[in-house]
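Some notes on the structure that comes next.
Where a number appears in this text, it was derived from the coordinates with a stated rule and is not lab data. Predicted model only: the values in this text are computed from it and were never measured. Cβ atoms come from the backbone with ideal geometry, glycine included; neighbour counts cover every protein chain shown.
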Amino acid sequence: MIFEPYLVKIINHPYFQRLRHIKQLQGVEHVYPGGVHTRFSHSLGVCFLAGKVLDNLKRTFETEKSGHKISDFDKKCVTIAALCHDIVVTLGQTPLGIRLKSLNTRVTLPSCTLIRTAFSKYRL
């Protein structure tokens, strides 16, 4: 898999790197020894496939002349969302997770901060 430079900057961020230590399949490796899969590798795969889907949709829209368009900015937004989707999910499972007991909701500040930083700092 080859990722665009703006995605590599996000992948190298500490919030994303911590996904390397969180198992996607929990304790499945005890039943299926080859079933080891981290949220890091899962997120990379989701991002890669989201980009492929958008490329195919873009080609389809262009050949059918349907009037629908997928811009480069649309692709950036979708691939960043796909890449970062597990950062929100894992907040309640790590030391960075803060749980609001009264609302029974996980705080998504680190994920939002990471995405805002990517858009502003890297001019995405």
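Using each residue's phi in the range 38-54, evaluate 6.51 cos²θ - 1.76 cosθ + 1.60 at θ = phi - 60° and report the 3J(HN,Hα) Karplus result to the nearest Hz, with x for Gly and Pro.
9, 5, 4, 5, 4, 5, 4, x, 4, 4, 4, 5, 4, x, 5, 4, 5
Would you order Glu4, Glu62 from fewest to most other beta-carbon atoms within 10 Å of each residue's own beta-carbon?
With the sparsest Cβ surroundings first, the list reads Glu62, Glu4.
Order of His30, His37 from fewest to most other C-beta atoms within 10 Å?
Ranked by crowding around the Cβ, least crowded first: His30, His37.
Across 10 Å bins from the origin, how do the percents of Cα pairs in the range 1-81 run, short distances first?
Result returned by the calculation: 16, 37, 26, 16, 5, 0.
Please rank Ile80, Ile2, fewest neighbouring Cβ atoms within 10 Å first, as an exposure proxy.
With the sparsest Cβ surroundings first, the list reads Ile2, Ile80.
Quote to one decimal, in nm, the extra length available between Lys69 and Val28 on full extension: 0.36 nm per residue of separation minus the C-alpha distance between them.
Computed gain between Lys69 and Val28 is 10.6 nm.
Over 21 Å between Cα atoms: which of Lys9/Lys58; Lys23/Lys52; Lys9/Lys76 fall into that group?
As for pairs spanning more than 21 Å Cα to Cα, those are Lys9/Lys58; Lys23/Lys52.
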